[in-house]
Amino acid sequence: MSATPRTSRRGPLLIAALVAAPAVILLLVALVASLRSEVIEIEVPAGTAARIEAGEAVELLPRTLEVSVGDTLEIRNLDDVPHEVGPYYVGAGQTVRQTFTSPGTIQGLCTLHPSGEITIVVR
């Protein structure tokens, strides 16, 4: 009777675990980030431009909007006039979505704020 040599299965399993571990960690980090992210929704009602033109102070969003990396800004324009919110042009009846991927400050014109300007701070 001859003895057959045992082959170790630990080597390939260890290599597979070491290769898979970084992918699993990245997946978990992305999952946690998505759970923490927020959607900031701005809805521009029909007739907003007419109200602003009539001299009404319509304030649909703050002068300085603070968001976090991973957050999404969604602007739904139900008005019949296009609007600008910083660098984002939102045509009549359109929706613009911007997910912030890096920290920084964005400044620009804002047709929806009485000051005419907006600053978006991404932390």
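The values are calculated or read from the model by the stated rules, or taken from the named source; none is laboratory data. Because the structure is predicted, anything quoted here is derived from the model rather than measured. With ideal geometry, Cβ positions are generated from the backbone for all residues, glycine too; neighbour counts draw on all protein chains shown.
Summary table
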item: Any hit, the range 87-97, residues being modelled with pLDDT of 95 or more and within 15 Å of GLU66 (Cβ to Cβ); result: no
item: Residue that is surrounded by the most Cβ atoms within 10 Å (Cβ to Cβ) [pool: residues in the range 25-78 that are among the small types (Gly, Ala, Ser), modelled with pLDDT under 95 and under 23 Å from GLY104 (Cβ atoms)]; result: SER37
item: Unique residue being surrounded by 13 or more Cβ atoms within 10 Å (Cβ to Cβ) and β-branched (Val, Ile, Thr) when the list is THR105, THR111; result: THR111
item: All positions within the range 114-123 that are part of a strand (DSSP E or B), surrounded by fewer than 18 Cβ atoms within 10 Å (Cβ to Cβ) and in contact with a Lys or Arg (Cβ under 9 Å, 6 or more places away or on another chain); result: GLU117, THR119
